[in-house]
Amino acid sequence: MRKKVSAGILGLAVAGTSLLATGSASSHGYTDQPLSRQKQCANGTVTGCGNIQWEPQSVEGPKGFPAAGPADGKICSAGIGGFSALDHPKAPNGTDWPATQLSNGQSYNFRWQFTARHRTTDFKYYITKNGWNQSAPLTRAALESQPFLTLPYNGQQPPATLTHTGNVPSGKSGRHIILAVWTVHDTANAFYACSDVRF
């Protein structure tokens with residue numbers, strides 16, 4: 001009996017260590033306005049996404065984008081192999097990722113959901129250039145060089161849901177990707193969310 005109890009305790013200890021090693025204790029968040037690819041996978045709008053369906057809040061990679069951060073072609077997954085479905089130009093079923101309809105220059109309420117809140121440097125939003133290559137994974141060259149919206153947050157801790165309003169760019173048509181970057185203030189990381197939009 002003693003061996004069985006000891007084995008059970010050891011198993012719990014190993015499971016706990018594994019959870020900590022995967023980053024479950026750190027901050028997490030994702031965008032649901034416009035609806036991000038990871039949230040589409042989590043809510044079942046898109047199926048066959050792999051592990052991201054259970055962890056839409058965990059797309060975390062090095063901060064400092066665009067000078068640093070995830071490698072080109074792995075931006076939407078933040079370079080996490082288990083989330084690579086997010087980097088593919090097509091959804092896992094081979095169709096286009098569902099897109100949020102936007103109008104040029106419109107005011108829009110961008111929204112983040114946080115499952116663990118962290119002190120924040122800023123939120124930045126980038127968009128693809130006109131004529132970008134829609135059949136390839138997202139790269140820096142496909143994005144406008146400057147964010148179209150930056151929200152400084154000065155090291156504050158956000159609420160569980162944060163909405164901020166800004167104007168989407170003018171002069172866009174067809175399909176684009178908006179890349180949202182949440183820069184954490186007191187770690188070396190940021191969170192990334194790719195949202196497909198249509199003008």
Original post:
Which condition does G79 not pass, out of (1) small (G, A, S); (2) free of Cβ contacts under 8 Å to residues at least 40 places away in the same chain; (3) out of contact with any Gly (no Cβ under 6 Å at 6 or more places or on another chain), if it passes all the others?
Top reply: (3)
**OP:** Would you please name the residue that is nearest to F199 (Cα to Cα), looking only at residues in region 127-153 that are among the polar types (S, T, N, Q) and in contact with a helix residue (DSSP H, G or I) (Cβ under 8 Å, 6 or more places away or on another chain)?
**Re:** T128
Original post:
Is region 33-55 home to any residue that is in contact (Cβ under 8 Å) with a residue 40 or more places away in the chain, farther than 22 Å from L143 by Cβ, surrounded by fewer than 13 Cβ atoms within 10 Å (Cβ to Cβ) and hydroxyl-bearing (S, T, Y)?
Top reply: yes
Subject >> Out of S77, S36, S84, S6, sole residue that is small (G, A, S) and modelled with pLDDT under 95 >> reply: S6
**OP:** Any chance you could count how many residues in region 62-97 are in contact with a strand residue (DSSP E or B) (Cβ under 7 Å, 6 or more places away or on another chain), of a type outside the set (V, I, T) and part of a loop (DSSP other than H, G, I, E, B)?
**Re:** 9
Original post:
Can you tell which of T95, T128, T121 is over 15 Å from the mean Cα position of the chain (by Cα), within 22 Å of D32 (Cβ to Cβ) and either at pLDDT below 95 or crowded, with 20+ Cβ neighbours inside 10 Å (or both)?
Top reply: T128
Subject >> Residue ranges of strands (runs of 3 or more DSSP E) in region 107-199 with at least 1 members in contact (Cβ under 8 Å) with a residue 60 or more places away in the chain and more than 20 Å from A78 (Cβ to Cβ) >> reply: 107-116, 161-167, 175-184, 189-198
**OP:** Scan region 156-186 for residues that are of a type in the set (G, A, S) and surrounded by 12 or more Cβ atoms within 10 Å (Cβ to Cβ) and report the count.
**Re:** 3
**OP:** Go over the candidates K172, K124, K129 one by one and state the one that is touching a Ser or Thr at 6+ places or on another chain (Cβ under 7 Å) and either among the basic types (K, R) or farther than 21 Å from H28 by Cβ (or both).
**Re:** K124
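The values are calculated or read from the model by the stated rules, or taken from the named source; none is laboratory data. Computed from a predicted structure; not experimentally measured. Every residue, glycine among them, receives a Cβ derived from its backbone with ideal geometry; neighbour counts consider all protein chains shown.
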